[in-house]
Amino acid sequence: MSEPKPLAGKRVCLDPGHPSEVGMGTRGRVLTEVGVAWTIALRVGGLLLERGAVVQLTKSAERENVVNQKRADIANRFRADLLLRFHCDAAAGRGVATYYPDRQGKTKRGVTGPAPAVLAVTKRIAPTFHRALIRSLAGTTMRDRGLKTDMATAIGAMQGALTGSIFSQVPVLLVEMAVLTNAQDEAFLRDPKGHERMAIALADAAQAALTA
Ligand SMILES: [Zn+2]
């Protein structure tokens with residue numbers, strides 16, 4: 001008899017960031033955020049499938065423009081157990097960071113969200129996710145920029161939560177996988193071994209969050 005797969009029955013929606021209403025995203029000297037988010041999402045999707053999960057992507061091509069509300073809608077319709085959003089940052093410092101909504105936000109048009117039950121699950125799984133992510137990256141040059149709330153982002157500070165969080169009816173986490181404007185972080189993701197370590201770490205983190 002084969003072992004049951006660890007994520008059997010789990011539904012994961014993977015959201016490779018950009019292009020969207022906030023543009024194409026950042027870029028390093030060689031890599032683009034939209035490119036890294038896309039290739040990582042494909043690889044994480046493959047790893048999660050191997051572990052028994054059912055996987056949905058929010059885009060069907062790297063350059064497909066999908067606004068953030070639609071990305072959340074795709075996860076909602078899929079009835080995901082987790083919506084996992086992939087981005088790269090342009091910032092001071094270096095390393096990987098996880099963002100989660102810790103309160104309801106409100107869009108310019110007055111839509112509020114996420115619902116209290118979604119917030120509660122998200123707040124519970126966010127530390128589990130980030131701890132597993134950092135543990136899986138141990139021994140690499142990738143640093144820990146920490147677990148942060150949506151309020152630590154520019155849009156989150158204005159709205160209370162990111163747009164993708166407000167419209168999400170499922171637990172939602174966003175990972176800034178690297179500071180792409182930092183040469184060492186870009187080198188980590190340009191190295192196929194670094195790219196693979198990041199994909200494995202994200203799959204490990206998703207697994208920890210979904211089985212906690
Ligand atoms: Zn981004």
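How do 58, 140 line up, fewest other C-beta atoms within 10 Å first?
Fewest-to-most Cβ neighbours within 10 Å comes out as 140, 58.
To check you understand DSSP bridge types, tell me what percent of the beta bridges within the chain (both residues inside) are antiparallel, rounded to 5.
25 percent
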**Prompt:** Farthest toward the dipole's positive end in the chain, which of 45, 182, 99, given Cβ charges of +1 (Lys, Arg) and -1 (Asp, Glu) about the Cα centre?
**Reply:** 99
**Prompt:** Say each of residue 5 and residue 70 gets a label point 7 Å from the Cα, pointing the same way as Cα to Cβ; how far apart are those two points in nm?
**Reply:** 2.9 nm
**Protection-proxy order for peptides 199-212, 119-132, 157-170, each taking the mean of Cβ atoms within 10 Å per residue, highest first** = 157-170, 199-212, 119-132
**Prompt:** Net charge near residue 145, counting Lys/Arg +1 and Asp/Glu -1 over other residues with Cβ under 12 Å of its Cβ?
**Reply:** -1
**Request:** State, as an integer percentage, the relative contact order of the chain based on alpha-carbon contacts under 8 Å between residues 6 or more apart.
**Result:** 29 percent
**Prompt:** Taking other Cβ within 10 Å of each residue's Cβ, how do 43, 190, 77 sort, fewest first?
**Reply:** 77, 190, 43
**Too-long pairs where the Cα-Cα distance tops 21 Å, listed order kept, from 123/148; 70/108; 70/106; 5/148** = 5/148
**Request:** Any chance you could run the full-extension gain for residue 90 through residue 49? It's 0.36 nm times the residue separation minus the Cα-Cα distance, nm to one decimal.
**Result:** 11.7 nm
**Complete:** Note to self, the chain gives a 222 nm [θ] from helices alone (DSSP H runs n ≥ 4, -39500 (n - 2.57) apiece, / all residues, nearest 500) of -13000 deg cm²/dmol
**Asked** Which shape class applies to region 11-211: rounded if a/c is under 1.5, otherwise prolate when a/b exceeds b/c and oblate if not, where a ≥ b ≥ c are the square roots of the Cα gyration tensor eigenvalues?
**Response** rounded
**Message:** Can you give me the C-alpha center-to-center distance between region 196-212 and region 102-130, rounded to a whole angstrom?
**Reply:** 21 Å
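Each reported figure results from applying straightforward, stated rules to the coordinates on display, with no laboratory input. On a predicted model such as this, the values are computed, not experimentally measured, just so you know. Virtual Cβ from ideal backbone geometry, glycine too; neighbours counted across all protein chains shown.
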